[in-house]
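Engineer: Have a look at this one before I ask anything.
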């Protein structure tokens, strides 16, 4: 049985702004684990925009998990549908490969709740089929997912704030940790960390 | 953001710029014709597909559509969830 997790967060930006910002979410200072992002397919069907993208992210697992899951990076498929009339953006992501070890499926629905507010409702299903360890892996997966949610919201807010600076109000997210560094500092740190992570992946790929 | 193939990153940026402008200025305003970016998209796609082939990525698994189909995961009954 997959573990199910859900939460929601409010962005203090209009739905149009959130939809535009969605495509520019990476890189941001809190997304140093994202290595690459590519559009695989895209088309307009019945007035809705259907997109499929492929992302690669570094794979952070605890020591005990390396036995099952020692890949340095994971690939993620992200499907999305933008319905501009009803102002709904739905995204659905899943990992490609290693799904028996741990599969993480996430569905997020961004809906307009007023002229300057958008709510993201997030659902996640985390599963593992490793005999004897599936419970531990699922628990780890849920915990990691929960922590990543804060980062995701804060990172997205950072991008929205730099795209639409006049509002600057941030969001009622689950985390209230203030962002204290200047944006320039953080951007530089993010770029450096991404390069480092990429170099690690490349060297590990080359070694095998 | 980088492309999965280092050699495709420049093309990706060009395509993303085209797309982002189209998305905010056309699509969200009710204009559905996306042919303005289709030329650069084709070139970028070719680059990415070659890069993915070299990394042995399973194209079939990517092509599978799940969002909007019956294969989407469903939330369990909501009364006992937060």
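Engineer: I'd like to know if segment B:50-69 contains one or more residues that are more than 10 Å from chain A (Cβ to nearest Cβ), more than 26 Å from residue A:56 (Cβ to Cβ) and exposed (fewer than 13 other Cβ atoms within 10 Å of the Cβ).
Structural biologist: Scanning segment B:50-69, I find no residue that is more than 10 Å from chain A (Cβ to nearest Cβ), more than 26 Å from residue A:56 (Cβ to Cβ) and exposed (fewer than 13 other Cβ atoms within 10 Å of the Cβ), so the answer is no.
Engineer: Does residue B:18 satisfy being more than 7 Å from chain A (Cβ to nearest Cβ), under 21 Å from residue A:33 (Cα atoms), surrounded by 12 or more Cβ atoms within 10 Å (Cβ to Cβ) and under 16 Å from the mean Cα position of the chain (by Cα)?
Structural biologist: It is false that residue B:18 is more than 7 Å from chain A (Cβ to nearest Cβ), under 21 Å from residue A:33 (Cα atoms), surrounded by 12 or more Cβ atoms within 10 Å (Cβ to Cβ) and under 16 Å from the mean Cα position of the chain (by Cα).
Engineer: Would you check if residue A:107 is modelled with pLDDT of 90 or more, more than 11 Å from every other protein chain (Cβ to nearest Cβ) and crowded, with 16+ Cβ neighbours inside 10 Å? Before you say what the answer is, go through the steps one by one.
Structural biologist: On the way: modelled with pLDDT of 90 or more: yes; more than 11 Å from every other protein chain (Cβ to nearest Cβ): no; crowded, with 16+ Cβ neighbours inside 10 Å: yes.
No: the conditions fail for residue A:107.
Engineer: Taking residue B:8, is it touching a strand residue (DSSP E or B) at 6+ places or on another chain (Cβ under 9 Å) and within 10 Å of another protein chain (Cβ to nearest Cβ)?
Structural biologist: yes
Engineer: Let me ask something else about it. State the number of residues belonging to segment A:23-49 that are on the phi > 0 side of the Ramachandran plot and more than 9 Å from every other protein chain (Cβ to nearest Cβ).
Structural biologist: So the answer is 1.
Engineer: Here's another thing I want to ask about it. Mind checking which residues of segment A:122-153 are buried (at least 21 other Cβ atoms within 10 Å of the Cβ) and more than 14 Å from residue A:104 (Cα to Cα)?
Structural biologist: Result: A:152, A:153.
Engineer: Against the condition outside any strand (DSSP E or B), modelled with pLDDT of 95 or more and within 19 Å of residue A:55 (Cα to Cα), how does residue A:156 come out, does it pass?
Structural biologist: Numbers: outside any strand (DSSP E or B): yes; modelled with pLDDT of 95 or more: yes; within 19 Å of residue A:55 (Cα to Cα): yes.
Considered against the rule, which asks whether it is outside any strand (DSSP E or B), modelled with pLDDT of 95 or more and within 19 Å of residue A:55 (Cα to Cα), residue A:156 comes out as yes.
Engineer: Considering only residues that are more than 7 Å from every other protein chain (Cβ to nearest Cβ) and surrounded by fewer than 18 Cβ atoms within 10 Å (Cβ to Cβ), which ones fall in segment B:31-49?
Structural biologist: Result: B:31, B:33, B:35, B:36, B:38, B:39, B:40, B:42, B:43, B:46, B:49.
Engineer: Could you check segment A:1-22 and list, in sequence order, the residues that are touching a helix residue (DSSP H, G or I) at 6+ places or on another chain (Cβ under 6 Å), within 9 Å of chain B (Cβ to nearest Cβ) and closer than 27 Å to residue B:42 by Cβ?
Structural biologist: Within segment A:1-22, A:20 is the sole residue that qualifies.
Engineer: Kindly indicate the residue of segment A:84-104 that is surrounded by fewer than 18 Cβ atoms within 10 Å (Cβ to Cβ) and more than 11 Å from chain B (Cβ to nearest Cβ) and also modelled with the lowest pLDDT among those meeting that condition.
Structural biologist: Top of the filtered list is A:98.
The values are calculated or read from the model by the stated rules, or taken from the named source; none is laboratory data. Since the model is a prediction, treat every value here as computed from it, not as a measurement. Positions of Cβ are backbone-derived with ideal geometry, glycine not excepted, and every protein chain shown enters the neighbour counts.
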